[in-house]
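Down below is the structure, laid out as structure tokens.
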Amino acid sequence: MLSSNQLTQIVHKYLGLYNSTDCIQQFCKWTVRESTVGGRGIIATEDIPCGEVLFVDRPLIFGPRCGNVIRGCTVCSKFEDDGFFKCSLCALLLCSTECQDFHTDDCNIIAGWKKKVDIEEIDEIVMSHALAAIRALSLNQEQKQFMSALAAHTLPQHGGEIIKLKQYFEIPEEIEKDMIFACQALDTNAFQIATPYGKKEMSLRGLYPVAGLMNHSCLPNATYSYNDERQMIVKTSRFIAAGTEIFTCYSGILWGTTTRRSYLFKTKHFWCKCERCADPTENELTESRLSLKLVLCRDILATLAALGLEDSHLCGLLFYHLHATLAERARRHPDLYDGLKSEIESTIERAYRILRGDISAPVDLELRYRYLGPDCEKPQQERFSILSI
Ligand SMILES: [Zn+2]
Ligand SMILES: [Zn+2]
Ligand SMILES: [Zn+2]
């Protein structure tokens with residue numbers, strides 16, 4: 001295992017803060033050290049004011065998110081296009097000859113594997129989900145070393161993308177291992193890359209290795225945004241005193257405590273022990289507030305419908321919140337489920353159709369759609385498992 005100093009050096013080099021030829025180290029106000037919450041983290045080495053850029057990270061690898069159930073071009077990410085075609089060499093879905101010209105790196109890797117079935121039989125969604133891990137095979141030695149220094153969950157559910165890929169290709173064992181490790185590193189550390197508002201693009205995940213070293217808190221002191229080049233700009237969101245760990249938030253910051261904690265446990269496998277999670281006043285909405293939220297959502301939706309704005313972004317968000325309120329009610333009172341089922345399903349379906357691919361869509365939109373939408377055939381208890389601790 002790399003020491004914290006070695007890792008700091010790799011990080012600085014990756015960010016362009018260290019020039020190995022003349023050994024010049026640019027100034028930086030943080031370092032990689034043992035974290036207060038376990039493992040390693042990013043620690044301020046001096047006082048940092050609010051709003052200061054800490055670093056600009058770029059993805060080691062990126063690709064369509066695994067929760068994506070929509071078909072899209074594996075190069076430019078756009079979806080809802082009629083002219084899509086499957087590459088006859090690698091089965092990746094493409095939208096144009098321009099995108100085809102850009103996909104040679106991905107294509108060369110996949111086309112090198114012996115196929116077990118005809119190209120037509122290969123599910124493009126499986127290809128799309130495995131793509132980020134496939135791209136890890138193109139990393140150079142230094143990049144691989146950086147990726148292996150990141151924490152990675154080794155539970156069997158991580159790497160399912162590659163198991164599915166193996167139905168179609170004969171993949172050498174070593175390569176399979178590398179891709180499974182990439183899946184584990186992605187599941188542990190990847191960030192959803194925001195797509196510009198209004199653009200119909202598949203949502204992507206990116207392995208931002210420096211940001212991946214930041215630990216989680218539901219009261220973070222850093223925030224991040226993206227530029228057009230998929231770079232992640234990480235800034236302080238409040239004053240950070242020297243010696244303090246720099247945290248980001250892996251879940252939705254505005255979600256309730258139950259939702260945040262269950263999301264973190266299901267996706268990142270830890271129970272958050274931060275100050276906010278321990279605060280009893282942060283806990284669930286009371287029944288009366290839940291009822292108020294229900295009435296407000298219904299009233300505003302009725303007004304928007306009267307104005308002919310059923311497909312507006314605001315309407316999508318209101319459907320999401322109406323759904324979340326109904327689902328929360330059914331979670332608390334399972335005997336009400338049968339009566340609420342059809343509305344729980346129809347509201348998340350409406351929200352999903354309007355908001356999918358939007359930058360401001362709630363992070364759990366797709367998960368809710370899959371578990372609580374009309375096409376889910378799971379039993380009642382399992383459907384609500386995504387909401388409960
Ligand atoms: Zn394209
Ligand atoms: Zn191809
Ligand atoms: Zn917390």
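Is it the case that Leu155 is surrounded by fewer than 21 Cβ atoms within 10 Å (Cβ to Cβ) and within 26 Å of Arg40 (Cα to Cα)?
Yes: the conditions hold for Leu155.
Looking only at residues that are modelled with pLDDT under 90 and within 15 Å of ligand 3 (Cβ to nearest atom) in the range 223-251, which one is surrounded by the fewest Cβ atoms within 10 Å (Cβ to Cβ)?
Among residues in the range 223-251 that are modelled with pLDDT under 90 and within 15 Å of ligand 3 (Cβ to nearest atom), the one surrounded by the fewest Cβ atoms within 10 Å (Cβ to Cβ) is Ser251.
Which one of these is out of contact with any Lys or Arg (no Cβ under 9 Å at 6 or more places or on another chain), away from ligand 1 (no atom under 16 Å from the Cβ) and not hydroxyl-bearing (Ser, Thr, Tyr): Gly16, Gly67?
Gly16
Out of Ser138, Ser128, I need the residue that is among the hydroxyl-bearing types (Ser, Thr, Tyr) and closer than 15 Å to Phe181 by Cβ. Which one?
Testing whether each residue is among the hydroxyl-bearing types (Ser, Thr, Tyr) and closer than 15 Å to Phe181 by Cβ leaves just Ser138.
Looking at Val126, Val117, can you tell me which residue is among the aliphatic types (A, V, I, L, M) and touching a helix residue (DSSP H, G or I) at 6+ places or on another chain (Cβ under 8 Å)?
So the residue among Val126, Val117 that is among the aliphatic types (A, V, I, L, M) and touching a helix residue (DSSP H, G or I) at 6+ places or on another chain (Cβ under 8 Å) is Val126.
Taking the condition touching a helix residue (DSSP H, G or I) at 6+ places or on another chain (Cβ under 8 Å), buried (at least 20 other Cβ atoms within 10 Å of the Cβ) and at pLDDT below 90, does Ala182 pass?
Criteria not met by Ala182.
Spot the failing condition for Asn227; the list is (1) within 16 Å of ligand 1 (Cβ to nearest atom); (2) more than 28 Å from Lys116 (Cβ to Cβ), and only one is missed.
Of the numbered conditions (1) within 16 Å of ligand 1 (Cβ to nearest atom); (2) more than 28 Å from Lys116 (Cβ to Cβ), the odd one out for Asn227 is (1).
Looking at Pro220, is it surrounded by 13 or more Cβ atoms within 10 Å (Cβ to Cβ), without any contact (Cβ under 8 Å) to a residue 60 or more places away in the chain and within 16 Å of ligand 3 (Cβ to nearest atom)?
yes
Residues checked against (1) within 23 Å of Lys29 (Cα to Cα); (2) touching a helix residue (DSSP H, G or I) at 6+ places or on another chain (Cβ under 9 Å):
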| site | (1), (2) |
| --- | --- |
| Leu204 | no, yes |
| Gly212 | yes, yes |
| Phe239 | yes, no |
| Thr244 | yes, no |
| Phe247 | yes, no |
| Thr259 | no, yes |
| Glu275 | no, no |
| Thr286 | no, no |
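List the residue pairs whose Cβ atoms are under 6 Å apart, where the first residue sits in the range 363-375 and is closer than 20 Å to Ala194 by Cα, the second is outside any helix (DSSP H, G or I), and the two are 6 or more positions apart or on different chains.
Final answer for the pair search is Val363/Gly252; Glu366/Gly67.
May I ask you to list the residues in the range 273-300 that are among the aliphatic types (A, V, I, L, M) and in a loop (DSSP other than H, G, I, E, B)?
Correct list: Ala278, Leu285.
Go through the residues of the range 326-344 one by one and say whether even a single one is of a type in the set (Ser, Thr, Tyr), at pLDDT 90 or above and surrounded by fewer than 16 Cβ atoms within 10 Å (Cβ to Cβ).
Filtering the range 326-344 for residues of a type in the set (Ser, Thr, Tyr) gives 337, 342.
Filter once more, keeping what is at pLDDT 90 or above: 337, 342.
If we keep only those that are surrounded by fewer than 16 Cβ atoms within 10 Å (Cβ to Cβ) as well, we get 342.
Scanning the range 326-344, I find at least one residue that is of a type in the set (Ser, Thr, Tyr), at pLDDT 90 or above and surrounded by fewer than 16 Cβ atoms within 10 Å (Cβ to Cβ), so the answer is yes.
State whether the residues of the range 101-112 include one that is away from ligand 2 (no atom under 12 Å from the Cβ) and among the acidic types (Asp, Glu).
no
Quick one: how many residues across the range 252-272 are surrounded by 12 or more Cβ atoms within 10 Å (Cβ to Cβ) and part of a loop (DSSP other than H, G, I, E, B)?
Number satisfying all stated conditions: 7.
Quick one: in the range 149-185, which of the residues that are farther than 23 Å from Val117 by Cβ, assigned to a loop (DSSP other than H, G, I, E, B) and of a type in the set (A, V, I, L, M, F, W, C) is farthest from the chain's Cα centre (by Cα)?
Among them, the one singled out is Ala149.
The values are calculated or read from the model by the stated rules, or taken from the named source; none is laboratory data. These figures come from a predicted structure and were not determined experimentally. In this analysis, Cβ positions are derived from the backbone assuming ideal geometry, glycine residues included, and neighbour counts consider all displayed protein chains.
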